[in-house]
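The values are calculated or read from the model by the stated rules, or taken from the named source; none is laboratory data. Treat the numbers as computed from the prediction; the structure is a model and nothing was measured. Using ideal geometry, Cβ is built from the backbone for each residue, glycine included, and neighbour counts are taken over all protein chains shown. Just the protein is used for accessible areas: all its heavy atoms, side chains included, with ligands, DNA and RNA removed. Shrake-Rupley method; radii C 1.70, N 1.55, O 1.52, S 1.80 Å.
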Amino acid sequence: MRTPAASASGGLLTTIAWDTGDGVRYALEGSAFITGAAVQWLRDGLGIIATAAETEALAAGLSGNDNVYLVPAFTGLGAPHWDMYARGLLIGIERGTTRAHLARATLESIAYQTRDLIEAMRGTGQDIEVLRADGGGTANRFLMQFQADVAGIPVEVARIQETTALGAAFLAGLATGVWKTPSALRERRTVSARYEPRMSKDERESLYAGWRRAVERSRGWALTTP
């Protein structure tokens, strides 16, 4: 995401993205501290799943989240909240709550945090019409569809998951003359899947409002601990 300024805005970070010879380009960056690591916590910390892939079927097996939310603020909250005293919160549990609810709440928390960042970027004037996703989480079809639903925009999954490494290779190729212009690289971008929003606006906003309520309850917890 390019931005003409290099100053922090709306709780986001700015950093140098690249310089291919026509001037420095800056990136507007949103940093969420715990996303995929929350799924690892389900596996390694709680032992309720054996592999990360299990979460997809568990989450999809429920008709909804039954008002169960996980705020994975295990090390505080990152952008746009920046609360080092926030701590993890699981709320909405009842007698009928199962490990499937926890798996779903964990996956949904990734999508909610991403929407937090999207909203922060929109607040700076950035127009975001599509979300391009990469990394291991893109293998989870429930997560990708829910991300499209809760953000209200399409999600495009990169064919090559390790896009960071690919980008470094592309920049090296530009520097050494393998490719002559950045436009040649854009033509090499490929998408393996595209998820369109299917959720109604009312449902989307109701779920997101629940997330915002849960986040507020997680904030400042370490300051109040005896």
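Things to note:
- Evaluating 6.51 cos²θ - 1.76 cosθ + 1.60 at θ = phi - 60° for every residue in region 198-210, the Karplus couplings come out as 10, 7, 5, 4, 4, 5, 4, 6, 5, 5, 5, 5, x Hz, glycine and proline recorded as x.
- Relative contact order computed over region 31-154 (Cα-Cα under 8 Å; 6+ residues apart), in percent: 27
- Carbon/sulfur fraction of accessible area - the chain, other protein chains in place, 1.4 Å, %: 53
- Sequence-separation-based contact order of the chain, relative, with Cα cut under 8 Å and 6+ spacing, percent: 20
- Dipole size of region 1-144 about its Cα centre, with +1 on Lys/Arg Cβ and -1 on Asp/Glu Cβ: approximately 240 debye, rounded to the nearest 20.
- Summed over the residues of the chain and divided among them, the accessible surface reaches 55 Å² per residue at a probe radius of 1.4 Å.
- Probe 1.4 Å, all protein chains present, accessible-area order of His81, His101, largest first: His81, His101
- Cα gyration tensor category, rounded, prolate or oblate, for region 1-100 with a/c compared to 1.5: prolate
- Rounded to the nearest 10 Å², the accessible area of Tyr85 at probe 1.4 Å: 90
- Correct choice for mean projected area of the Cα convex hull in nm² that was computed from the model, options [x] 11.8; [y] 12.7; [z] 14.2: [z]
- Note, ³J(HN,Hα) from phi for region 92-100, Karplus 6.51, -1.76, 1.60, rounded to Hz, x at Gly and Pro: x, 6, 10, 4, x, 5, 10, 5, 5
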